[in-house]
Amino acid sequence: MATYRDSKCRLCRREGAKLFLKGDRCYSGKCAFEKRPTPPGAHGAGRKKVSEYGLQLREKQKTKRIYGVQEGQFRKYYEMADRMKGITGENMLSLLERRLDNVIYRMGIGASRTQARQLVNHAHFSVNGKTVNIPSYIVKAGDVIAVKENRKKDKYFEQIKTMKVGNMPKWLEFDPEKLEGKVLALPARDDIDSQIAEHMIVELYSK
């Protein structure tokens, strides 16, 4: 899969919104978007009004960057969502939220989705007792996600044990002491706090 190697802060500036790609730094005074909220480039501040198509495209790009997926994979999520019952845009966001790397991030184990993806790639977790090292693995309601026994004594996870559980989405639960969490339900639209206009993405792909 292609990897973006330039500054992640440029992505936030390009999309005109905080994408929270760098963990704690995004909440500090060091955030580049807070200092320079204009698009990158010599003419970023003077760009003209964007067309309807341009707005839809930017919304898609923003969502891809929030969840860290490439174009082909993102299109597959849309197609899966379109085949499901219910509202296509909400189904698509639910699928993205149920990615294992996002679940690890939402549980507070990873400071960012990028870090959570790396932890999953390194086979630190099991789902229902089976090792899973695929970040795009889609969890289901009732799944139990845990740090593997042979990794629990790693320095990183020892620190996780002492953390306080913050604003955990109501569809997830996590026990820092046991280093174990559970998917209580599938995420509904109200459970997803990302500022995404999913209907614009559906309109874009429907053309």
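Derivation of every value follows stated rules applied to the coordinates shown; laboratory data play no part. Note that this is a predicted model, so its numbers are computed, not measured. Reconstructed Cβ throughout: ideal geometry from the backbone, glycine too, with neighbour counts over all protein chains shown.
Straight Cα distances below 12 angstrom link Lys178 to the aspartates and glutamates Glu149, Glu158, with same-chain residues fewer than 8 positions distant left out. Shape verdict for region 99-185, please, from the Cα gyration tensor: rounded (a/c under 1.5), prolate (a/b greater than b/c) or oblate. Since a/c stays below 1.5, the shape of region 99-185 is classed as rounded. When each of the peptides 81-87, 163-169 is scored by the mean number of other C-beta atoms lying within 10 Å of its residues, the order from highest to lowest reads 81-87, 163-169.
Taking the average, over residues, of other Cβ atoms within 10 Å as the packing measure, peptides 58-68, 192-202 rank 58-68, 192-202 from highest down. What pairs from Lys85/Lys148; Lys49/Lys207; Lys62/Lys153; Lys85/Lys207; Lys64/Lys170 go past 32 Å between their alpha carbons? Too far apart for the 32 Å limit: Lys85/Lys148; Lys62/Lys153.
Put simply, the convex hull of the Cα atoms in region 58-207 casts, on average, a shadow of 8.7 nm².
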